[in-house]
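Beneath this line is the structure, given in structure tokens, with notes to follow.
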Amino acid sequence: MPLITVSSFAKINWTLEVLSRLPNGYHELHTVFQTVDLCDELSFEITPSPDIHLSCNWPYLATDETNLIVRAAQALQRFGQVPQGVKIHATKRIPTGAGLGGGSSNAAVTLLALSQLWSVPATSADLQQLAEPLGADVPFFLYGGTALGTGRGDKIEPLPDVAPQLLLLVNPGMHVPTGEIFRKLSPQLTKPKTARILPAYFFPPKSDYLTHLCNDLELTVFETYPTIGLVRQKLLDSGATAARMSGSGATVFGVFADEAQRTQAATLLAQSGWQVWPCKTVNQAEYKESFKF
Ligand code: C5P
């Protein structure tokens, strides 16, 4: 069987509003997701025996059933009663636990790629059902581009594409425990309310949408990890037109109007020992293109 290689893109959150705390402990969100071209690569080789085998270029990353790639493949194999198996190799670049959705992206790409390679007649609704239990961010990566996430962030509505943007992702190398941050949110934030940002700025995107980016998790994260707040400030000081934390951090993204300024900012911020990734937005058509094989 030929080896098929697919890109697995990262995401940022243009906005992330917490609307309420749900009875199950999760939080109701309104978030605008955006795929960006920092990506992992997943290679798939279908095998006649039913085993699912994962290998990875990062030796410290678990490749057993705790990995979302393996869980996604198993869920699809069960759903489609697939007699074959697969060897998957992950070439990772997206930092883990960094608010960029790397693991969630890998899981969704596995569902999309294997449903084609194993010829599973799964509808979009079937894939959504398989994606939801794997994590709140997984359904978004079935779509890519710019999209609204409601519920736990797992009910997805594609939005019109924003104009291409130059970004700088910066990670100061710390791990933020997402569940703990949600639990620490102030009662004000978890009190039921309606969304502030949509649809006024993103549906369709208005020219000033960058002045309305938000992330309700920032204050709580910056209190516990002041360095992450400092990263945001340094991005703004070095010329970013907007800068926000992605998801629950620790990655912060800056939006830059021109490439020279972004290069200068990248050099400056890397001097603090922080990891930097220049990248750009990936729209829905570009995202879909990577699944044509
Ligand atoms: O779904 P995922 O595994 O990405 O979520 C990690 C943790 O973040 C959850 O266990 C939960 O504590 C918290 N979370 C939340 N509300 C959301 C998404 C995540 O409270 N909408």
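A short reminder: the numbers here are calculations on the coordinates, not readings from a lab. Predicted model, so just to flag it, every value in this text is computed and none were measured. In this analysis, Cβ positions are derived from the backbone assuming ideal geometry, glycine residues included, and neighbour counts consider all displayed protein chains.
Numbers below:
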item	result
Relative contact order %, region 147-244, counting alpha carbon pairs below 8 Å whose residues are six or more apart	26
By average C-beta atoms within 10 angstrom, highest first, the peptides 35-45, 141-151	141-151, 35-45
Globularity ratio of region 154-286, using Cα Rg and 2.2 N^0.38 Å	1.10
Helix 226-237 vs. the chain, principal-axis angle (Cα, 0 to 90°, nearest 10)	70
Protection proxy ranking, peptides 247-256, 108-117, average beta carbon neighbours within 10 Å, highest first	247-256, 108-117
Degrees, to the nearest 10: 68-80 long Cα axis against longest axis of the chain	50
Candidate lysines for bridging to residue 280, where Cα separation is under 24 Å - those fewer than 8 sequence places away on the same chain excluded	11, 92, 206, 234, 288, 292
Prolate/oblate/rounded call for region 143-208, Cα gyration tensor, a/c under 1.5 rounded	oblate
Highest average packing first - 84-93, 11-20, Cβ atoms within 10 Å	11-20, 84-93
Equivalent ellipsoid, the chain (semi-axes from 5 times Cα gyration tensor eigenvalues, Å)	31, 22, 18
Contour minus Cα-Cα distance for residue 79 and residue 184 (0.36 nm per residue)	34.1 nm
Cα→Cβ-extended label distance, 7 Å offset, between residue 271 and residue 224, nm	3.2
